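Encoded as structure tokens, here's the structure I'll be asking about.
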Amino acid sequence: MKSEAKIRLLLLVSILLITIFPLIVNSVYLFAGAKSGTHPNFIYSILWEGLSLSLLYFVLHRQGRSLKDIGFAFRKTDIFHGVLLYLVLYFVVIIAVTISPSFLQAPQNVDFLRTKMTLSYFAFIVINPFFEELIVRAYTMTELSFLIKKEEVTVLVSTIIQTSYHLYQGLIPALYTGIVFFVFSIYFAKTRKIVPVIMVHLLLDLTAISQLGKS
């Protein structure tokens, strides 16, 4: 068991270093004051996230596991769960904004998203929730649960990682998204279902893109 734990820890760290750490570095770089580009390369982002998901699939397969083992399996009840998760999230956000209206602060460094909708842009929007939720939430929390067996730690670590690579938007907007990620992590910790989280994440991304377009 100790040998298996070491291998899974090594693989978890390796996958996060390869797929997520570059995003954190770039986010911190922008947070520190660097200027972001206004001409995004969505094709590059799609390739990056697609290869990252392929790496995750390969690692799980080599371990004799599959995406189902980290909660990725569609069930008829997932749509109902997705609706409930969205409603819970909606009320949590209302409470957070009521307590601190500053959470409504506009995000920074998002000009690259204010562009006309193209096939590559749309494909990026669709694949991004799968990339984030399968790697940072489903896989990371599943492995941490096996290694640490402390639910509160897995929830906190997943939330911190995901929030960290959104720092480029500014501290307050990042903390705002952190609330969303915290709710997502709690839901996954309790249900081990990642499909509803992906659906809600996609819906939130589409809503945010729509609002950016209007602004």
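The values are calculated or read from the model by the stated rules, or taken from the named source; none is laboratory data. It should be emphasised that the depicted structure is a prediction, and the values quoted were computed from it without experimental measurement. Neighbour counts are summed over all protein chains in view; Cβ atoms, including those assigned to glycine, are modelled from backbone coordinates with ideal geometry. When the accessible area is computed, the model is the full protein with side chains, heavy atoms only, and any ligands, DNA or RNA have been set aside. Shrake-Rupley method; radii C 1.70, N 1.55, O 1.52, S 1.80 Å.
Can you tell me the orientation of helix 21-31 relative to the chain, as the angle in degrees between its alpha-carbon axis and the longest Cα principal axis, to the nearest 10?
Between the helix axis and the principal axis of the chain, the angle is about 20 degrees.
Moving on. How much net charge surrounds residue 20 when only the other residues with a Cβ under 15 Å from the Cβ of residue 20 are counted, with Lys and Arg +1 and Asp and Glu -1?
Working: positive: 137; negative: 49, 132, 133, 143.
Neighbour charge sum, excluding residue 20 itself: -3.
For 29, 121, write out the residues from largest to smallest accessible area, computed with a 1.4 angstrom probe and no ligands counted.
29, 121
Moving on. Percent of accessible area on the chain owned by carbon and sulfur, 1.4 Å probe?
Details: 8490 of 11990 Å².
So the carbon and sulfur contribution to the accessible surface is 71 percent.
So, one more: Roughly how much of residue 69 is accessible, in Å² to the nearest 10, using a 1.4 Å probe?
Answer for residue 69: close to 90 Å² accessible.
Obtain the nm distance between the two label points defined at residue 104 and residue 26 by a simple spin-label model: each point lies 7 Å from its Cα along the Cα-to-C-beta direction.
The answer from the label model is 3.1 nm.
How much accessible area per residue does the chain have, counting only protein heavy atoms and a probe of 1.4 Å, in square angstrom? Working shown, then result.
Values: 11990 Å² over 215 residues.
Value for the chain: 56 Å² per residue.
Next question. Count the net charge of all other residues whose Cβ sits under 11 Å from the Cβ of residue 69, scoring Lys and Arg as +1 and Asp and Glu as -1.
Numbers: positive: 65, 68, 192; negative: 143.
Around residue 69, the charge tally is +2.
Let me ask you something else. Mind checking which of 17, 53, 89 has the largest fluctuation in a GNM of the chain, springs on alpha carbons under 10 Å?
17
Residue 179 accessible area, nearest 10 Å², 1.4 Å probe?
Approximately 40 Å² for this residue.
Right, something else. Which pairs in the list 149/190; 6/150; 68/150; 76/149; 76/150 are over 24 Å apart, alpha-carbon to alpha-carbon?
Numbers: 149/190 13 Å; 6/150 17 Å; 68/150 22 Å; 76/149 29 Å; 76/150 30 Å.
From 149/190; 6/150; 68/150; 76/149; 76/150, over 24 Å: 76/149; 76/150.
With a 1.4 Å probe and all protein chains kept in place, how much accessible area does residue 8 have, in Å² rounded to the nearest 10?
Solvent-accessible area, nearest 10 Å²: 20 Å².
Are there any chymotrypsin sites (Phe, Trp or Tyr not before Pro) in segment 61-102 that are in a DSSP loop and have at most 15 other Cβ atoms within 10 Å? List them by number.
Numbers: sites: 72, 74, 80, 86, 90, 91; in loops: 72, 74.
Loop-located and lightly packed - 74.
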